[in-house]
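Working notes, beginning with the structure itself.
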Amino acid sequence: MFLIDDILLSPAKGLLWVFREIHDAAQQELAGESETITAALSELYMRLETEQITEAEFDAQEKVLLDRLDRLQAEEKVAPAPEKKTAKSRPKAKSTRRKSLPGVKPAALG
């Protein structure tokens with residue numbers, strides 16, 4: 001019986017694996033982008049100190065980089081790592097039991 005279950009569920013398991021790989025790649029890309037922005041900021045400071053760019057150019061480029069970095073950090077806070085799902089309680093079904101009339105026993109309604 002377990003062999004049949006494994007055969008029937010293998011397409012779903014394969015699809016789940018693909019989605020996990022895509023998620024992992026996206027997370028790595030976000031982490032890499034953050035590191036890239038930090039490296040660009042360091043290079044920008046170095047270019048300012050060596051007088052390759054003016055103060056105005058530095059301010060404009062720094063603002064763009066810092067805005068991108070802030071946006072990335074805000075996205076990380078909004079979308080935290082997925083947690084294990086807990087079982088949700090099912091809504092209670094409506095009672096089909098008849099209400100008894102005053103002075104009448106429930107067995108007499110049947």
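Modelled label-to-label distance, ARG68 and GLN27, 7 Å Cα→beta-carbon offset: nm?
Taking the two extended label points, one gets 2.4 nm.
Skip the ligands, DNA and RNA, and give the accessible area per residue of the stretch 3-63 with a 1.4 Å probe, whole Å².
It amounts to 80 Å² per residue over the stretch 3-63.
Residue by residue through the stretch 41-51, what is 3J(HN,Hα) from phi via Karplus (6.51 cos²θ - 1.76 cosθ + 1.60, θ = phi - 60°)? Round to whole Hz and write x for glycine and proline.
For the stretch 41-51, the Karplus-derived couplings read 5, 4, 5, 5, 4, 5, 5, 5, 5, 8, 6 Hz, x marking Gly and Pro.
Quick one: how many Å² of GLU29 are accessible to a 1.4 Å probe, rounded to 10?
130 Å²
The values are calculated or read from the model by the stated rules, or taken from the named source; none is laboratory data. Here the structure is a predicted model, which means the values were calculated and not measured. For neighbour counting, all protein chains shown are included, and Cβ atoms are generated from backbone atoms with ideal geometry for every residue, glycine included. Keep in mind that these areas ignore ligands, DNA and RNA; they rest on the heavy atoms of the full protein, side chains included. Shrake-Rupley method; radii C 1.70, N 1.55, O 1.52, S 1.80 Å.
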